[in-house]
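Quick note: the coordinates plus some simple rules give every number you see, no bench work behind them. Note that the structure is a prediction, hence the values are computed from the model and not measured. Cβ coordinates were reconstructed from backbone atoms using ideal geometry, including for glycine residues, and neighbour counts include every protein chain displayed.
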Amino acid sequence: MSRSLPSSERTKRSRMIQIHPIRTGSVQFRPSQIRTPGHSPLRWWRILSDREWTREMPIYCYLIEHPEGLFMVDAGETSQVCEPGFFPRWNPYYNRAIRYKVAPEDEVGPQLLRLGFDPTEIATVIMTSMGLGHAGGLGYFPRARIIVSAQEWSMAMSGLGRFAHYPNSHWPKWLAPRIVTFNAGQMGNLPRSQPLTGDGAIYLVRTPGHTPGHISVVVEDAGLIYFFAGDASYLRATMAEAIADGVSANPNMQIKTLKAIRDLAQSRPLIYLPTHDPDVERRLAQRDSAVD
Ligand SMILES: [Zn+2]
């Protein structure tokens, strides 16, 4: 069933880029996961022994309406994470350090329908990472081109993948993503890909650190840079401070990445849109490009 908008309305909207944040439920972390100054090897112990919780943080994915088609940044989370048995019991992180609230109606498929889009119309899904909170809704996009980095895909599918928080046994069997290469020079100090659109407005940049193959999506429109940061940092504030998170695969690399994003944000108006930052909808509505 399609609940698409009337064609006149779609034609009007299709001449411009529109961005829709889609909140697929929420998650609570231990505060020590959000920011971890220094690179202590005891980071995991600190997270597992932390007694505090963050407030409920969003799990966003984003729909980008572009004249050449519909793009998703990430696929959000699945409500299955709230069902018993989804996570392996042997991993204490799932039992002690993360709490999800995702209802079936929070998933990306029903939300796209409510916005007036049939999920099967989505042409491209760009995965900033394959981690929890990002790939759970992929099952709604069997016809889409799904884009991921080579490092992220090999890590996600490796024997270590499940241990390293990639719930790969739950992904659709048909999943066969396109691997993106970063062979088009630099965006600031970040390696960039060829554009995904003929007008050059949408392209990808490498933002390693949180995971080795992490990527971000850049949309340039009307003098603004929309920077879809995934988990490059959880918050704009931790990007501005260039502080690695507590589960970073490579804290030094993450700090280098965050400094490069900060340099970019200080030189051009850039709206920073990570996955779990509670402030992104306000930032988008107000075109807020401040660097905290
Ligand atoms: Zn995340």
Check: Under a no-solvent Debye model with one identical scatterer per Cα of the range 141-182, what's log10 I(q)/I(0) at q = 0.22, 0.26, 0.30 Å⁻¹?
Finding: -0.77, -0.98, -1.12
Item checked: Net charge over other residues, Cβ less than 9 angstrom from the Cβ of Ala123 (K, R count +1; D, E count -1) -> 0
Check: 222 nm [θ] for the chain, helices only, -39500 (n - 2.57) per DSSP H run of 4+, per residue, to 500?
Finding: -6500 deg cm²/dmol
Margin query: What is the sum of charges, Lys and Arg at +1 and Asp and Glu at -1, for the other residues whose Cβ falls under 12 Å from the Cβ of Ile146?
Written below: +1
Next item on the list: Would you mind counting up the charge near Cys82? Only other residues with Cβ under 12 Å from its Cβ, with Lys and Arg at +1 and Asp and Glu at -1.
Entry: -2
Checklist line | DSSP bridge orientation in the chain - percent antiparallel, rounded to nearest 5 | finding: 70
Checklist line | Coordinate range along principal axes, alpha carbons of the chain, Å, largest first | finding: 56, 44, 33
Item checked: Stokes-Einstein D for the range 53-194, Kirkwood Rh over Cα pairs, 4 °C, 1.567 mPa s (µm²/s) -> 79
Margin query: Given the options Phe87, Pro142, Met16, identify the residue whose Cα lies farthest towards the positive end of the charge dipole of the range 7-285 (+1 on Cβ of Lys, Arg; -1 on Cβ of Asp, Glu).
Written below: Phe87
Next item on the list: Grab the beta carbon distance between Leu224 and Trp171, set R0 = 30 Å, and tell me the FRET efficiency rounded to 0.05.
Entry: 0.35
